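Asker: Can you read through this structure? Questions will come right after.
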Amino acid sequence: MHQENGDIDRDEAERLAALASYDILDTPPEAEFDAITRLASQLCGTPIALISLVDEMRQWFKSQQGLSVCQTPRSLAFCAHAIRQREPLVVHDARCDSRFADNPLVVDSPYIRFYAGIPLEMESGHRLGTLCVIDRQPRELEPAQLRSLEDLARLTVSLIEQRRQKREARTRHALLDSLLEALPEGVVACDDRGELSFFNSRARAWHGAGPERLPPEQWSRRFDLFEADGRTPLPLERIPLRRAWAGETVRDQELCIRVPDQPPRFVACNGRAFFDDHGERLGAVVGMHDITQRKRAEREIAETRAHLQAVIDASTEVAIISTDRRGLITLFNPGAERLLGYTADEVVGQLTPLAFHRPDELEQRAAELSRELDRPVYGFDLFVLTPRLGRPENRDWTYVRRDGGQRRVRLVVSVMQDDAGEPIGYLGMALDLSRLYAVEEALRLSEAQFRTAFDTAPQGMALVSLEGAFIEVNRTLCEMWEYEREVLLKTDFQTLTHPDDLAADLTQVGQLISGEIPYYQMPKRYFTRTGRLLCCQLSVSLVRDGQGRPQYFVSQIQDITEQRQLERLKSEFVAVASHELRTPLTSIKGALDLVNGGVIGAVPESVEEMLRVAQRNAERLGQLIDDLLDWEKLAADKLAFDLQRHALRPLLEDALDSNLGYAERFGVVLVLQGDESVAVEVDALRFAQVMANLLSNAIKFSPRGGTVTVRYRRHDAGVCIEVEDHGDGIPEAFRERVFQHFAQAEAGTTRRRGGTGLGLAITKQLVEHMHGCIDFASTLGQGSVFRVWLPAVLRSGERLENGGEARR
Amino acid sequence: MTTLQRILHVEDDESIITITRVALETVGGLTVLSCTRGREAIEQAAEFAPDLLLLDVMMPDMDGPTTLAGLAEVIDVARYPVVFMTARANSDDHRAYYDLGAAAVVVKPFDPMTLADQLKTIWNRFNGSER
């Protein structure tokens, strides 16, 4: 029973909801319903007729005849009983019906005796209430009366249903109206005959007009319709509403509405015809979506894209590489192709930029970033993590080209984001630093330097074509040759060259062009404009282009006429002076030698000392003359060298022998050490001079009783000869100038030791002329070691004795 | 003849003549004929019969090489060692003197105490009697 009650309860709740959905309770009286109750009252001959709707706690009368109240409590209602069944409820005399006998409406006013109620059963099956007739007298109802009452009840149900449908239609219409007006789209419609019937507010605003009755041929003009190009008037057959009306489905047709005094509006149209339930065409509707902004944005994007593409393509000096979010390359411009030696096809969609980097640099960066962020960072993140964190990424890397070559680049990485700020890819731009700085800067510098040097050179300079014509000449050359620049530029060097020097010059030009020699120098004679003969020193180099093709000559021409004369004079002077000085020196020194040698007889001791002073200084004067002569010849490159192969040890033995006397005078022991079979290629006389210089210095600066050691040993491809003393050493401040001419340490030493200040300068030049070099090491208070390095020539089968050997 | 004894010396500088004479005669025990001009030497050479010719190179009127050519007219110079004495230390010059037939070149200033020994050595070597 409980189950049954539950079902009843649920059914009743649904019934009440259905009742509420008709929205009829507590509405004003309506004529149709009153007409029905009047008819029912007359048909049945009853004073009271009602249309009662049974609510939860009451019955409410939509229409009532013969009753002044509009509702009664449900608990008293006969109708509440009537709706429980589909069949009419007829009560002939309520006093005799136990369900109603004590009902207050029976026992009291209005004293109901007779009741006949027809349930109002709706399409949904819910019985909302009844059409009922009531009398204060007990009575019967004719069957025809009952059938008529049932007809009236069905009419009532139909009226209630219609009432609801009307209300729903009104709601839908109102909703549609407000929707159409609120829509951001323009909507236009026509009726079944194709006449314009509706423009929503947008459509009216956009066209500046409403749906006027016009022949379709005039629509285009009246409503300012153009093709999407904004210029061509839209033909009738292309008007979307006509197309829709004709049965086509219009999809995204773009057109332009160009109302005078307004900017053109681009719209995309969608539309179709609409039909009733029977398939009859009722009309057509078209919606217009404003795409002006989108078109503009699209055009701007297209323009920007074209511009960017042009920039990217033209950027052959900058490598531009973009990737997707994972690092796969999506763009690789010609600059990147050039820098890295890959083609775009080889890398786009195939590689990530990791392929271009040196593993060691990646590892180093990974370590840095991992340390900085306190989590492992590797792979493509090495490039993009920093910019993704909003920090600039600008870093120097070494790119590895496809051919394995390496390029130093500066790489700037930025994030490409969508509108929501999400990364959609990355953009890297790499500048070739080596090219950028090294080449361009060097080029710029060298051009500037060359131009300055050319213009201001104290010697004559000319750029000469391969045919011999002057391309450019500097001021000094014009002055030297007594030509105006313009005149000289129309001349060639062959014309100006002394005939005897032309062949030699042309030979060397040929060698220069063929690449046999990198440049050449020669003394050469030229005629000036006034016919004077000039002795010049010519230096010529050849400028080639990037492919090594000869372009032009750079000639430097120095007037050495005067220099030649001066050199000759100087040379003669030195020769004469040396002879003229030596001759009296020979006598002075000879006389002193003889006297001091005791040949003339004994002299007093006091005189003897003075004579020895004179003798020493005569020797010194002789050495000075020798040194000056040597120096002059070395400077003029006139000293001949006869380089021959010699065993080293005999040369050193001779050198020690020759300096024994000098060593004895200073009480110094000479020691020779060396245990290898070594030969050298030297001029024996000059080598002796070198050794004499080094030995005399070492002896001079040794303490009395000291030792000077000459040591030799093989060293790599050469021989090292050391001359070591244990003297005071060379003062720090003097070390740099040891090999300079006229260089000597402080005056005190000079006076004590003597010397011309040319010895080591000459020694160095002699050694270098024999393809060797010389250096020294010195410790203050401990002594010095001078080292001569000479190229070795091994003499097979020759062994020199081991160990050292002292000589006195 | 087993030792060097007679030296014909041609030198225009009087001081050097003096030094050389003392060096050779007093120190070395040799006999010296000193001439201040080449012509003088040519005139006296045959009569003096020298063992060695000691010639200064740079002299007025007639220099050493010219004097040597002149001497070749009057004596058989090939029989005597010819020693040039020069103030020029240039080895290129020295080579030229050797080419003229010099047996040795003595550079000024020389050591008067050893000059005689130097010439004796040259003479011995020239005559193939050196040890």
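Read the figures in this text as sums done on the coordinates, not as results from a lab. None of these values were measured; they are calculated from a predicted model. Neighbour counts are summed over all protein chains in view; Cβ atoms, including those assigned to glycine, are modelled from backbone coordinates with ideal geometry.
Asker: For every helix of n ≥ 4 consecutive DSSP H residues, a contribution of -39,500 (n - 2.57) applies; sum these over the protein assembly as shown, divide by its total residues, and give [θ] at 222 nm rounded to the nearest 500 deg cm²/dmol.
Answerer: It lands at -12500 deg cm²/dmol.
Asker: Based only on other Cβ atoms within 10 Å, what is the fewest-to-most ordering of A:715, A:289?
Answerer: Sorted ascending by nearby Cβ count, the order is A:715, A:289.
Asker: Now for a separate question. In percent, how large is the relative contact order of segment B:6-120, given Cα pairs closer than 8 Å and 6 or more residues apart?
Answerer: After rounding, I find 27 percent.
Asker: Binning every alpha carbon pair distance of segment A:176-280 at 5 Å from zero, what are the percents per bin?
Answerer: Reading upward from the zero bin: 2, 12, 22, 27, 21, 10, 3, 1, 0, 0.
Asker: How far is the Cα center of segment A:635-652 from the Cα center of segment A:483-552, in Å?
Answerer: Each part reduced to its Cα centre gives a spacing of 36 Å.
Asker: Grab the alpha carbons of segment A:2-168, take their convex hull, and tell me the volume per residue in Å³.
Answerer: Hull volume over Cα atoms, normalised by residue count, gives 111 Å³.
Asker: What FRET efficiency comes out for the pair residue A:495/residue A:640, r = Cβ-Cβ distance, R0 = 45 Å, nearest 0.05?
Answerer: The value I calculate is 0.75.
Asker: Residue-wise, which Karplus ³J(HN,Hα) couplings in Hz belong to segment A:49-56, taking 6.51 cos²θ - 1.76 cosθ + 1.60, θ = phi - 60°, and x for glycine or proline?
Answerer: Listing the rounded values in order: 9, 9, 10, 10, 10, 8, 8, 4 Hz.
Asker: Which angle between 0 and 90 degrees, to the nearest 10, do you get for helix A:499-514 versus the longest principal axis of chain A when only C-alpha atoms count?
Answerer: Tilt of helix A:499-514: around 40 degrees.
Asker: I want to verify the translational diffusion coefficient of segment B:6-120 in µm²/s; compute it with Stokes-Einstein, Rh as the Kirkwood radius over Cα pairs, at 37 °C and 0.692 mPa s.
Answerer: Estimated via Stokes-Einstein, D reaches 237 µm²/s.
Asker: Could you work out the relative contact order of segment A:315-438, using alpha carbon pairs under 8 angstrom and six or more residues apart, expressed as a whole percent?
Answerer: With pairs under 8 Å counted, the relative contact order is 27 percent.
Asker: Relative contact order for chain A: what is it in percent, counting Cα pairs under 8 Å that are at least 6 residues apart?
Answerer: Relative contact order for chain A comes out at 5 percent.
Asker: What is the angle, in °, between the Cα long axis of helix A:605-635 and the longest principal axis of the Cα atoms in chain A? Nearest 10 is fine, range 0 to 90.
Answerer: 50 degrees
Asker: Something else now. Net charge near residue B:43: determine it from the other residues with C-beta under 13 Å of the C-beta of residue B:43, scoring Lys and Arg +1 and Asp and Glu -1.
Answerer: Result for the local shell: -1.
Asker: Let me know the volume per residue of the alpha-carbon convex hull for segment A:615-713, in Å³.
Answerer: Taking the convex hull of the Cα positions in segment A:615-713, it is 104 Å³ per residue.
Asker: Over segment A:363-468, one equal point on each Cα, no solvent: what is log10 I(q)/I(0) by the Debye formula at q = 0.16, 0.23 Å⁻¹?
Answerer: The Debye formula, applied to the Cα set alone, gives -0.86, -1.23.
Asker: Also: Could you give the C-alpha radius of gyration of segment A:576-632 expressed as a fraction of 2.2 N^0.38 Å, taking N as the number of residues it contains?
Answerer: Ratio of Rg to 2.2 N^0.38 Å for segment A:576-632: 1.28.
Asker: Another question, if that's okay. Between helix A:759-769 and chain A, what is the angle of the helix's C-alpha long axis to the longest principal axis, kept within 0 to 90° and rounded to the nearest 10?
Answerer: With rounding to tens, the tilt is 70 degrees.
Asker: For segment A:457-559, what is the convex hull volume of its Cα atoms per residue in Å³?
Answerer: 91 Å³
Asker: How would segment A:527-674 be classified by its alpha-carbon gyration tensor: rounded, prolate or oblate, with rounded meaning a/c under 1.5 and the a/b versus b/c comparison settling the rest?
Answerer: Oblate, since a/c reaches 1.5 and b/c is not below a/b.
Asker: Please quote Rg/Rh for the protein assembly as shown to two decimal places, taking the Kirkwood radius as Rh and restricting both calculations to Cα atoms.
Answerer: With Rg and the Kirkwood Rh in hand, the quotient comes to 1.50.
Asker: Find out how many positive minus negative residues lie around residue A:482, taking Lys and Arg as positive, Asp and Glu as negative, among other residues whose Cβ is under 10 Å from that of residue A:482.
Answerer: Charge balance near residue A:482 sits at 0.
Asker: How many nm is it between the label spots at residue A:775 and residue A:252, if each spot is 7 Å from the Cα in line with the beta carbon?
Answerer: 8.1 nm
Asker: Follow-up. For segment B:56-118, divide the Cα radius of gyration by the Kirkwood radius and give the resulting Rg/Rh value with two decimals.
Answerer: 0.97
Asker: So, one more: With just the Cα atoms defining each centre, how far is segment A:354-432 from segment A:249-276? Give it in Å.
Answerer: So the two Cα centres are separated by 50 Å.
Asker: Using every alpha carbon pair in segment A:1-77, what percent of pairs falls into each 10 Å bin from 0 up to the bin containing the largest distance?
Answerer: With 10 Å bins starting at 0, P(r) equals 18, 40, 28, 12, 2.
Asker: Here is a follow-up. In straight Cα distance, which aspartates and glutamates are under 14 Å from residue A:570, not counting same-chain residues fewer than 8 positions off?
Answerer: Hits, sequence-local ones excluded: A:562, A:630, A:632, A:637.
Asker: Just round it to a whole percent: the fraction of Cα-Cα distances in segment A:651-707 exceeding 14 Å.
Answerer: So the pairs more than 14 Å apart make up 54 percent of the total in segment A:651-707.
Asker: In whole angstrom, how far apart do the alpha carbon centroids of segment A:1-79 and segment B:5-23 sit?
Answerer: 176 Å
Asker: Please check which bits of segment A:532-551 a label hung off residue A:561 would reach, taking the label as a point 7 Å along Cα-to-C-beta and the cut-off as backbone N under 15 Å.
Answerer: Residues A:532-537 qualify, since their backbone N sits under 15 Å from the label point.
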